[in-house]
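Engineer: Pasting a structure here, questions to come.
The values are calculated or read from the model by the stated rules, or taken from the named source; none is laboratory data. This one's a predicted model, so the numbers in the text were calculated from it and none came from an experiment. Glycine also receives a Cβ, built like all others from the backbone with ideal geometry; neighbour counts cover every protein chain displayed.
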Amino acid sequence: MSDFLVSEILVLILLIPPCLRPFSKGLKKAGAVPLLPWFAAVILLFIMFGQGITVSLLPVIAIAVICIITEFARFVMFLNGLPNGFYSGFSYFLRIFMLILLGGVFFCTFYFSPERDYPANYSDFTKEDLIFNSNGKEFCGGVFYKPQNVKNEHITVVVLSAYPHCSSYSNTFSRFFANAGYNTVELTNPENINIKFLPKRYTEFLASCNAVLKRNGKKEHKEKQNSDFFNFTVSEILNLRKNSSFYVIAEGRYRQALYDYFVQNPGAFSGIFFILSEEEEINGLNRERSCILDERGQLKFSHELSEFPVCLFIRPKEKLSQFGELRCDDVLAARLLGASRDLGRKDRITAAEVFEKWLKIRDEITIGHL
């Protein structure tokens, strides 16, 4: 059970007494019950700023707001020291409706609960922020994971997440490769504008809402990429580890910016592994000069794959390859986009395993002796 789910359950538990109060003599005598929805709201704020806001959290937010509204008159009575344990016939029916609604939200909370994080052996590697300077301003360009026992010192795996649909904290890929003994760099979100006093993961939340609205026929604002910042960050990371062979696993809309950088700097990367859905393309990429692994068919690995610096891993569109961890962290948003839960993060782990096999072939290293 994730910490996020436990927090949601705590909020919902606080909303039970106000809904049950008309049917309980003991609760009617407890004049402070109207305070509970406000305590729930405070916990929700801690959740949003401490753990993040997601589409899956919206039903909990909605039921808390409704409960505050229905209890507001009694809350005012409590503040004025007046009795607030009397209920009209309409109030009884309203609380019955609220209990049904609360039960539905409880179900949604469990049904759309996020997957647990991929387990990481933090004692086996160190984690360091990569701080760079641009125009006199310092910023975090990425996170470097240094295993205690590195499999091959000359290999560095670079993880390009599906921004803006992924956070800048370590995702499944980063933890997988760090656990496997690879020097790993996870790039920071180029669109992270670091506005204070906004909920954590709000960029993911807005991007998910925009994607859902677009799917349902609403107009979406034109997406804007910070390619200059992205290129600067990539260059700084390459300069930081000049003696490494860089292998990139990339998803999301910055795949195009990565490929454009690769075209302009042909020797920058030893290999790029793009994760694409069946409907996506990368402008300028010649598929005849690329290795193609299609998950919809049988995956075949051969040493012929080492001839190609670019590998395309094609996945069914239902797996939302451009949305990264969405099917693990925000299951309701994934459902609204026509996808299912990534149970146990198996699809993420599968992609990481396929990348590792390709990396070993590309680097001409025998499997098991990396």
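Engineer: How about region 269-307: which of its residues are farther than 18 Å from Ala351 by Cβ and either charged (D, E, K, R) or modelled with pLDDT under 80 (or both)?
Structural biologist: Glu281, Arg287, Glu288, Arg289, Ser302, His303, Glu304, Ser306, Glu307
Engineer: Quick check, is Asp330 in contact (Cβ under 8 Å) with a residue 40 or more places away in the chain and under 24 Å from Ala120 (Cα atoms)? Outline the logic, then answer.
Structural biologist: Working: in contact (Cβ under 8 Å) with a residue 40 or more places away in the chain: yes; under 24 Å from Ala120 (Cα atoms): yes.
So Asp330 fits the description; yes.
For every residue, the table says whether it meets (1) assigned to a loop (DSSP other than H, G, I, E, B); (2) more than 30 Å from Glu8 (Cβ to Cβ).
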residue	(1), (2)
Glu280	yes, yes
Ser306	no, yes
Arg327	no, no
Arg335	no, no
Gly344	no, no
Asp347	no, no
Glu356	no, yes
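Engineer: Report, by residue number, each residue of region 335-354 that is under 19 Å from Gly271 (Cα atoms), within 20 Å of the chain's Cα centre (by Cα) and buried (at least 18 other Cβ atoms within 10 Å of the Cβ).
Structural biologist: Ala351, Ala352
Engineer: Here's something else I'd like to know. Go through (1) in contact with a Leu (Cβ under 9 Å, 6 or more places away or on another chain); (2) touching a residue at least 24 places away in the same chain (Cβ under 8 Å) one by one and return the number of the condition Lys28 breaks.
Structural biologist: Here Lys28 meets the rest and fails (1).
Engineer: What residue, among those in region 11-58 that are closer than 25 Å to Tyr118 by Cβ and loosely packed, with under 14 Cβ neighbours inside 10 Å, is modelled with the highest pLDDT? Outline the logic, then answer.
Structural biologist: As a first pass, look at region 11-58 and keep what is closer than 25 Å to Tyr118 by Cβ: 46-57.
Still in the running and loosely packed, with under 14 Cβ neighbours inside 10 Å: 46, 50.
Values: Phe46: 94, Gly50: 89.
The residue in question is Phe46.
Matching residues to (1) in contact with a strand residue (DSSP E or B) (Cβ under 8 Å, 6 or more places away or on another chain); (2) farther than 18 Å from Asp228 by Cα; (3) modelled with pLDDT under 85:
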| site | (1), (2), (3) |
| --- | --- |
| Ser123 | no, yes, yes |
| Tyr145 | yes, yes, no |
| Tyr163 | no, no, yes |
| Leu187 | yes, no, no |
| Pro199 | no, yes, no |
| Ala211 | no, yes, no |
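Engineer: List, please: which pairs have Cβ atoms under 6 Å, are six or more places apart or on different chains, and start with a residue in region 129-150 that is among the β-branched types (Val, Ile, Thr) and end with one that is in a loop (DSSP other than H, G, I, E, B)?
Structural biologist: Between residues of region 129-150 that are among the β-branched types (Val, Ile, Thr) and residues that are in a loop (DSSP other than H, G, I, E, B), the close pairs are Val150/Gly181.
Engineer: So, one more: Kindly indicate the residue of region 106-121 that is more than 19 Å from the chain's Cα centre (by Cα) and exposed (fewer than 12 other Cβ atoms within 10 Å of the Cβ) and also modelled with the lowest pLDDT among those meeting that condition.
Structural biologist: Applying the filter and picking the extreme gives Asn121.
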